[in-house]
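My structure is below; once you've seen it, I'll send some questions.
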């Protein structure tokens, strides 16, 4: 990608770029909705919480990749650990040329390329994810291998916050922090909701089943990470947080805690666990279409 990151652009160029990215995010949300409606399947609300973050990474000049050569050795390795968010990544990969846009019409079809969870056989997808808690351990191993081989690419691991209840993440974090992997960048989609309920319940009755994740920043700092907290729907804050992600001066793995809203952009779904795996119909569908068109 040759586009300059927003943080390093002039004010006018930054404004133009932010508007371009905003329109692209709107297109991604609209495409996700229609894919899910046609397939009667898909995690729409989880895709909506991650949209700005993925758009910034792929269209904002942050990730290094070559869609015409998906296995280019110099590419950054992007791991979508929250594999259920695959429906939100597929439109981006298709738009960039990893595979034809027509494949989006076959989402979740039997025997077709694009499943509900991202799989390694899809161009642009590094590893199969879906059983939560695997992404960070894999990314940690990749970071070690890259340093051993003296490769300069980054490993970028995209996590869900409810996924952090999996102990495998913390085992990997201990090791990554101990080793000081400066080539490891992690982003937590902190949308506050998991399939079992809020990830930071304030109601004592809910807290009995769902322990609180906060303070995530202090936990990762204790494990040896550099942490930064941002609004995950603000392109300006995303670029500011990742401006130096390739800096050789950084001696620790980087953890971005992106505060987002599950279902962001769709009033029907925003912040509601009910819509984790549900597709709108009738008046609900028309309302969601209007919401996205008016973003």
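The values are calculated or read from the model by the stated rules, or taken from the named source; none is laboratory data. Only a predicted model underlies this, so the values are computations on that prediction, with no experimental measurement involved. Every residue, glycine among them, receives a Cβ derived from its backbone with ideal geometry; neighbour counts consider all protein chains shown.
Search region 65-81 for residues being in a loop (DSSP other than H, G, I, E, B), out of contact with any helix residue (DSSP H, G or I) (no Cβ under 6 Å at 6 or more places or on another chain) and in contact (Cβ under 8 Å) with a residue 24 or more places away in the chain, and hand back the single one that is surrounded by the most Cβ atoms within 10 Å (Cβ to Cβ).
Out of the qualifying residues, it is 65.
So for region 112-121 (the condition being more than 20 Å from the chain's Cα centre (by Cα) and at negative phi), does at least one residue qualify?
The answer is yes, given that some residue of region 112-121 is more than 20 Å from the chain's Cα centre (by Cα) and at negative phi.
Still on this structure, please answer the following. Looking at region 146-162, is at least one residue surrounded by 15 or more Cβ atoms within 10 Å (Cβ to Cβ), assigned to a helix (DSSP H, G or I), touching a residue at least 24 places away in the same chain (Cβ under 8 Å) and within 20 Å of the chain's Cα centre (by Cα)?
yes
Return only the number of the condition from (1) modelled with pLDDT of 95 or more; (2) under 26 Å from residue 260 (Cβ atoms); (3) assigned to a helix (DSSP H, G or I) that residue 178 does not satisfy.
Answer for residue 178: the failing condition is (2).
Residues to consider are 111, 141; find the one that is out of contact with any strand residue (DSSP E or B) (no Cβ under 8 Å at 6 or more places or on another chain), surrounded by fewer than 15 Cβ atoms within 10 Å (Cβ to Cβ) and farther than 26 Å from residue 188 by Cβ. Talk me through it step by step, then tell me what you get.
Working: 141 fails: farther than 26 Å from residue 188 by Cβ.
Being out of contact with any strand residue (DSSP E or B) (no Cβ under 8 Å at 6 or more places or on another chain), surrounded by fewer than 15 Cβ atoms within 10 Å (Cβ to Cβ) and farther than 26 Å from residue 188 by Cβ holds for just one of 111, 141, which is 111.
Does residue 136 count as in a helix (DSSP H, G or I), in contact (Cβ under 8 Å) with a residue 60 or more places away in the chain and either in contact with a strand residue (DSSP E or B) (Cβ under 8 Å, 6 or more places away or on another chain) or surrounded by 18 or more Cβ atoms within 10 Å (Cβ to Cβ) (or both)?
no
Would you check if residue 46 is out of contact with any strand residue (DSSP E or B) (no Cβ under 8 Å at 6 or more places or on another chain) and either without any contact (Cβ under 8 Å) to a residue 40 or more places away in the chain or in a helix (DSSP H, G or I) (or both)?
When the stated conditions are applied, residue 46 does not pass them.
Inside region 182-295, counting only strands (runs of 3 or more DSSP E) that do not spill past its ends, which hold 3 or more residues that are touching a strand residue (DSSP E or B) at 6+ places or on another chain (Cβ under 9 Å) and modelled with pLDDT under 90?
Ranges flagged: none.
Residue 104 versus (1) part of a helix (DSSP H, G or I); (2) under 30 Å from residue 249 (Cα atoms): which is the lone unmet condition?
Status for residue 104: all satisfied but (2).
In the list 105, 119, which residue meets the criterion of being under 26 Å from residue 73 (Cβ atoms) and either modelled with pLDDT under 95 or surrounded by fewer than 17 Cβ atoms within 10 Å (Cβ to Cβ) (or both)?
Numbers: 105 fails: under 26 Å from residue 73 (Cβ atoms).
One residue alone meets the criteria, 119.
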